[in-house]
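Read the figures in this text as sums done on the coordinates, not as results from a lab. Treat the numbers as computed from the prediction; the structure is a model and nothing was measured. Every residue, glycine as well, gets a Cβ built from its backbone with ideal geometry; the counts of neighbours run over all protein chains shown.
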Amino acid sequence: MNQSTRTIILKLIFLAASVCYISGCVTSRADDTLLVLENCRKETVLFSYPANQIEQVIYHYTQSYDRGEITEFFTLTDAGFVPVKMIFDTDSYDYHGTRYPGSKVTCADDTYIVEIPEFPAYEKIDYRVGYTIEQQMTILTADGEYHLIFQQLGDPGDRISLRLQ
């Protein structure tokens, strides 16, 4: 799959997520709740933003063993981070979407799209800064997009925690 096809697919997914958000698919969050991204080893808050102004969290990385690209999409509720979609271009990742039972998995041009139905929220999500792969988190807000590159936020092996507080 070429880069322009991937770009088109991601734009369509962003559009669908925006329609879902505007139509009320996401529950409201308390005004004082913050989304926090923290480097746990350094005990440093890397990013903080009012949760009720966040539309979506997108985590993108390259799988280290087969160099396949993976993108995961989350919305926010009072309970935490709800996975709504995954895109990956390797048939070995996630066993075709089996991590989320009941998901709809489609494949086009060697790209798998996993649409995740209602799934319980994660209270927090922990990541590790990769040694050989670039990881990026995009946070879509009412004011714009924030792009966070994990390799700029910590050293390889550092635990990066995403949570509401």
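Side notes on the structure shown:
- Ranked 55, 72, criterion: other C-beta atoms within 10 Å, fewest first: 55, 72
- Fully extending the segment from residue 41 to residue 136, taken as 0.36 nm per residue of separation minus the present Cα-Cα distance, adds 32.3 nm.
- Dimensionless Rg ratio for the stretch 47-89, taking C-alpha atoms and the 2.2 N^0.38 Å reference: 1.37
- Shape class of the stretch 64-165 from the Cα gyration tensor (axes a ≥ b ≥ c, square roots of the eigenvalues): oblate, since a/c reaches 1.5 or more and a/b does not exceed b/c.
- Ranked 82, 45, criterion: other C-beta atoms within 10 Å, fewest first: 45, 82
- Computed about its Cα centre, the charge dipole of the stretch 37-165 is approximately 380 debye, with only Lys, Arg, Asp and Glu carrying charge at their Cβ.
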